[in-house]
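Single-structure report; data block below.
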Amino acid sequence: MNIAASPNTPFSSVDLDLNNETKIVVDNSASPAGISASAGVPAAAEPPKRAYPAPTELPTQQGPHGLRFDFNDGARVLCPESNHPWRVRLRDIDTGNILFETEFGGGRVNSAKRYFVRFRIEIEQQSETVFSHDFSAKDREVLVQFPVGTLGDPIGWFPYAVKFKELHGCKLTCAIGEKLIALFRGAYPDITFLTHEEVEPERYYATYSVGLFFDDKDFVFQPCDFRHVGLHRTAAYILGVDPTEVAPRLALEDDSRPIAEPYVCIAVQSTTQSKYWNNPTGWREIVSFLKHAGYRVICIDQKPTHGHELIWNHIPNGAEDDTGDKSLSERARLLKHADFFVGLSSGLAWLAWAAGTPVVMISGFTHPTNEFETPYRVINYHACNSCWNDVRVRFDHKDFFWCPRHKDTPRQFECTRLITTAHVKRVIETIPGFGLHVSEHSSGNNFI
C-alpha cells in the first residue's frame, strides 16, 4: 500500500535499508538542508552501503512554479514553500487508481512503490491544476541498474531491460558489472553500459533497480515475490514488460572454435552446498560416461576446489582442468562451440544459455520455473526439493550448509543426493546428436 500523509502530519516516504527492512523517513521541508535531514538517525551515523547507485537528492526534472519531479526511485515530487497549499496527487494511469493524495505548504512526495508504474502526477493550487505530467520515457534518459558481483542473475535480467527500451523508446543506460559490459556492449550499440561508479544520476528521468528482494513483504521494490515468478522473470515484473524469457545476445572478441574434437563443458562448483550435486559418485561416473561417448570433458569452473570447513568439492576425476579466473568472453566462446553443457543452477549455466548451448541442469534446491526453460532439466520430485522458491523459508547467504528443512539430519541435501547418475545419463541421451562421436574418440587434448 502507499503511505499517505495528512494535513496534520508531514509526508512519510518508504525506504529500504541494506537488510531490506522497511523504515519510515519523515520529511516536510523543500530545502536541501531539510531534505538531507534524517529522522531517528544520529548525524554521526554512517549510512549503510547501497546495493545500487543513489538517486540525486532533488528530482531531476523541472516544472513550473519551482516544482521538480522525476521517476528515479519511484515518483518523486518537490514543491517549494508557498502561501497557498499544494495538492499533490499520484495516479496509476493503467489501473485508474489514485495511489496517493495530500495537501501541504511545501515539501517532498515519494511514491511507496519503486518498481515501474505508469504514474500521472497532478498538482493543484487554489483549486486549479498548475501541473500535470504523464510518465513518458520516449527519447528520455532511463537508468536500469543491476547489482554487481553475480553472473547468472544479470544475464537473466538484462533482456527485460532491452524490452523496456523497445516498449518505451527511451535512451537506456544499464549500470552493471564491468565483466558483463564486455559481453553486451558490442551486441547492443544503442544501449549505454556503465559501472556503478560511472553513473551520473542527475542525467536520468527514471531509474529502476532490478534484484532479488527477499524481505520486501510490502512489495515496495517488486510487484510480486520473485520466488513465485522465477529468478529472471522477476525483472519483467519490476520493469512492467512481457515476462516471456529471451536470451541476451553476446559479442565475443573471438568467435572461432577453440577445440577441434567434440567436447562438453561441465561446471561443478557453486556458492553454497545446497546448490551442488551431492551424489558422492555422480560427477566421476558422468565424466567417464561422456568420455566413453567420444567427448572431451572440459571443466570450466573458476576454482578447481571450493568448500567450507570440513566439506570441500573437487574437480571430477577424468575431467580436463580449464579452471581459472578467465574472461567471460573466453568462457562464452568455449561454451558456444560445446556440444552441450552439464552443470548446476549457477552463473555458468546462464552463460551457456546465452551462448545458445544445450544446458543439462542438475538442481534440486530450485524449482524448474526458477531458471530458463531447458528440456534437459534434472530434478527428483521424490526427494525434498525447491526450498529456494518456498516463500516460507529465507535463504541464508552466509550459511554454506543452508538446508532449511533438513539441516543436521540424515536427509540434508537429499534434493540432489538422490539424483542418480542413471537419471542424468538418461537426460543426456535425449540430446540430439548424442553418441555420434563414439567412433571419433580421440585422446588429443590440445586447444586450437
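Out of all the residues in the range 160-177, is one or more in the same structural domain as residue 223 (by TED's automatic domain parsing), assigned to a loop (DSSP other than H, G, I, E, B) and touching a Lys or Arg at 6+ places or on another chain (Cβ under 7 Å)?
Yes, because at least one residue in the range 160-177 is in the same structural domain as residue 223 (by TED's automatic domain parsing), assigned to a loop (DSSP other than H, G, I, E, B) and touching a Lys or Arg at 6+ places or on another chain (Cβ under 7 Å).
So that you can scan it fast, the table gives a plain yes or no per residue for (1) among the basic types (Lys, Arg); (2) over 25 Å from residue 186 (Cα atoms); (3) in contact with a helix residue (DSSP H, G or I) (Cβ under 8 Å, 6 or more places away or on another chain); (4) surrounded by fewer than 20 Cβ atoms within 10 Å (Cβ to Cβ):
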position: 317; (1), (2), (3), (4): no, yes, yes, yes
position: 330; (1), (2), (3), (4): no, no, no, yes
position: 337; (1), (2), (3), (4): no, no, no, yes
position: 346; (1), (2), (3), (4): no, no, yes, no
position: 360; (1), (2), (3), (4): no, yes, yes, no
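If you go through the range 394-404 one residue at a time, do you hit one that is more than 17 Å from residue 271 (Cα to Cα), among the basic types (Lys, Arg) and either in the same structural domain as residue 434 (by TED's automatic domain parsing) or touching a Lys or Arg at 6+ places or on another chain (Cβ under 6 Å) (or both)?
No, every residue in the range 394-404 fails to be more than 17 Å from residue 271 (Cα to Cα), among the basic types (Lys, Arg) and either in the same structural domain as residue 434 (by TED's automatic domain parsing) or touching a Lys or Arg at 6+ places or on another chain (Cβ under 6 Å) (or both).
Please find, within the range 182-195, the residue that is nearest to residue 163 (Cα to Cα) out of those that are among the hydroxyl-bearing types (Ser, Thr, Tyr) and buried (at least 16 other Cβ atoms within 10 Å of the Cβ).
188
Using the structure shown, decide if residue 261 is modelled with pLDDT under 95 and farther than 30 Å from residue 73 by Cβ.
So residue 261 does not fit the description; no.
This table checks each residue for (1) without any contact (Cβ under 8 Å) to a residue 60 or more places away in the chain; (2) touching a helix residue (DSSP H, G or I) at 6+ places or on another chain (Cβ under 6 Å).
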| position | (1), (2) |
| --- | --- |
| 140 | no, no |
| 146 | no, yes |
| 151 | no, yes |
| 173 | yes, no |
| 190 | yes, no |
| 198 | yes, no |
| 206 | no, no |
| 214 | no, no |
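Which condition does residue 130 not pass, out of (1) in contact with a strand residue (DSSP E or B) (Cβ under 6 Å, 6 or more places away or on another chain); (2) part of a helix (DSSP H, G or I); (3) of a type in the set (Val, Ile, Thr), if it passes all the others?
Of the numbered conditions (1) in contact with a strand residue (DSSP E or B) (Cβ under 6 Å, 6 or more places away or on another chain); (2) part of a helix (DSSP H, G or I); (3) of a type in the set (Val, Ile, Thr), the odd one out for residue 130 is (2).
Just to verify a result, which residue in the range 124-163, among those that are over 24 Å from residue 197 (Cβ atoms) and of a type in the set (S, T, N, Q), is surrounded by the most Cβ atoms within 10 Å (Cβ to Cβ)?
By that ranking, first place goes to 125.
Let's see how each residue does on (1) part of a helix (DSSP H, G or I); (2) surrounded by 18 or more Cβ atoms within 10 Å (Cβ to Cβ); (3) hydroxyl-bearing (Ser, Thr, Tyr):
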site: 197; (1), (2), (3): yes, no, no
site: 207; (1), (2), (3): no, yes, yes
site: 213; (1), (2), (3): no, yes, no
site: 219; (1), (2), (3): no, no, no
site: 222; (1), (2), (3): no, yes, no
site: 232; (1), (2), (3): no, yes, no
site: 246; (1), (2), (3): no, no, no
site: 250; (1), (2), (3): no, yes, no
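Among the residues that make up the range 171-181, is at least one of them surrounded by fewer than 18 Cβ atoms within 10 Å (Cβ to Cβ) and farther than 26 Å from residue 60 by Cβ?
Looking through the range 171-181, at least one residue is surrounded by fewer than 18 Cβ atoms within 10 Å (Cβ to Cβ) and farther than 26 Å from residue 60 by Cβ.
From the list 114, 91, which one is at pLDDT 95 or above, crowded, with 23+ Cβ neighbours inside 10 Å and of a type in the set (Lys, Arg)?
Of the residues listed, the single one that is at pLDDT 95 or above, crowded, with 23+ Cβ neighbours inside 10 Å and of a type in the set (Lys, Arg) is 114.
The values are calculated or read from the model by the stated rules, or taken from the named source; none is laboratory data. What you are looking at is a predicted structure, and each value in this text was computed from that prediction instead of being measured. Glycine gets a Cβ as well: all are built from the backbone with ideal geometry, and neighbour counts include every protein chain shown.
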